[in-house]
Amino acid sequence: MRKFRIGEMTWSEFAEWLEKVNSIVLIPIGSLEQHGPHLPMDTDAYDAEYVCNEVAKRLLNDVWPLVAPTINYGVSMHHMDFPGTVTLSPKTLIDMLVDICGSLIKHGVKRILIINGHGGNTPSIQVACQIIKYRHPEVFIGTDLMGLAKSVKEKIFESKEHDIHAGESETSTSLANREKLVKVKEIEKTSKKPFKPELLEIGRIPSGDRIDYYAINVKQISELGYMGYPWKADKKKGEKMLKAYIENLAIFIRKLCKSQTQL
Ligand SMILES: [Zn+2]
């Protein structure tokens, strides 16, 4: 069977893949940060890696993507009031990504997609992508955080707002991909210590428009660390969500790798 995890390959196997295939390398990235009283701290990293592995298996005898080792830490400064959370500074993450992608590109990799499990990483990943593209215009470098399943997500989940952290969708996907680590009894308790959605609405004016961004500190908004409605979570919803995302990601990767257009 073909290998798809770079860490499990020998250098000569990787060299052969480069010479004969050279389709795309996926880099999963997550975080080590509090996920409320009910989800494990490595949820984002686990989910990103899970999705990459499933997509790679699906396309193994097709375009044959490879999966790089997961970056298990991220930018989590807004969660640092909760014990166990570890944060990188944005600069460290940018440098790491530029170094990792730069190494892959030096060996001849032409396409890299960073699969991100944590919103706090997004600005740094985007900056890294800009730097890499500036240095290597011939390379495709991009990132996604469930963007390819936005419309499906809206259909599956009840929460139309504030499903930000360890809420309905994330709890559902955790129930779907590693139920044993979800503390179901703690979910019931979350509803008794609600977060403060009004603090997420400060940026909004009566017309419904809102400013693009303001920084938050999670502890000020939620004593238990979650933002959203975890008690609405459901394993079936999570399975549907993961299935749809993996399918859409596979469609995109296939399209990108088969395309003759250079971006
Ligand atoms: Zn998360």
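The values are calculated or read from the model by the stated rules, or taken from the named source; none is laboratory data. Just so it is clear, the model here is predicted, and its values are computed rather than measured. In this analysis, Cβ positions are derived from the backbone assuming ideal geometry, glycine residues included, and neighbour counts consider all displayed protein chains. To get the accessible areas, we keep the full protein, side chains included, count just its heavy atoms, and leave off ligands, DNA and RNA. Shrake-Rupley method; radii C 1.70, N 1.55, O 1.52, S 1.80 Å.
Sequentially through the stretch 26-39, phi angles give Karplus couplings (6.51, -1.76, 1.60; θ = phi - 60°) of 9, 10, x, 9, x, 7, 10, 8, 3, 10, x, x, 10, 10 Hz, Gly and Pro residues having no value and appearing as x.
Within the same chain, lysines fewer than 8 places from Lys183 are excluded, and of the rest, those with a Cα less than 18 Å from its Cα are Lys192, Lys193, Lys232, Lys235, Lys236, Lys237. Other residues with beta-carbon under 14 Å from the beta-carbon of Asn248 carry, at +1 per Lys or Arg and -1 per Asp or Glu, a net charge of +4. Computed from Cα atoms, the angle from the helix 90-106 axis to the main principal axis of the chain rounds to 20 degrees. Nearest 10 degrees is fine. How inclined is helix 122-135 to the longest principal axis of the chain, computing both from alpha carbons? So the inclination is approximately 20 degrees. Figure legend: label point modelled 7 angstrom from the Cα of Gln220 along Cα→Cβ; residues of the stretch 184-211 with amide N under 18 Å from it are 195-205, 211. Considering only protein heavy atoms and a 1.4 Å probe, what is the carbon-and-sulfur percentage of the accessible area of the stretch 78-193? Ligands and nucleic acids excluded, carbon and sulfur give 57 percent. If you plug the beta carbon distance of Glu154 and Asp81 into 1/(1 + (r/R0)^6) with R0 = 41 Å, you get a FRET efficiency near 0.85. Label positions at Arg204 and Glu8, each projected 7 Å from the Cα along the C-beta direction, are separated by 4.6 nm.
Between Lys183 and Ser89, the modelled label-to-label distance comes to 3.3 nm, taking each label 7 Å out from Cα in the direction of the beta carbon. Under a model in which nothing but the beta-carbon of Lys, Arg (+1) and Asp, Glu (-1) is charged, the stretch 6-258 shows a dipole of about 460 debye around its Cα centre.
With viscosity set to 0.692 mPa s at 37 °C, what whole-number translational diffusion coefficient in µm²/s follows for the stretch 6-258 from Stokes-Einstein and a Kirkwood radius over Cα pairs? Each step should come with its number before you reach the end.
Details: Rh = 19.1 Å.
Answer from the Stokes-Einstein relation: 172 µm²/s.
Taking the longest Cα principal axis of the chain as reference, the axis of helix 235-258 is set at about 30 degrees. The residues Thr122, Thr43, sorted by heavy-atom accessible surface at 1.4 Å with ligands and nucleic acids left out, run Thr122, Thr43 from largest to smallest.
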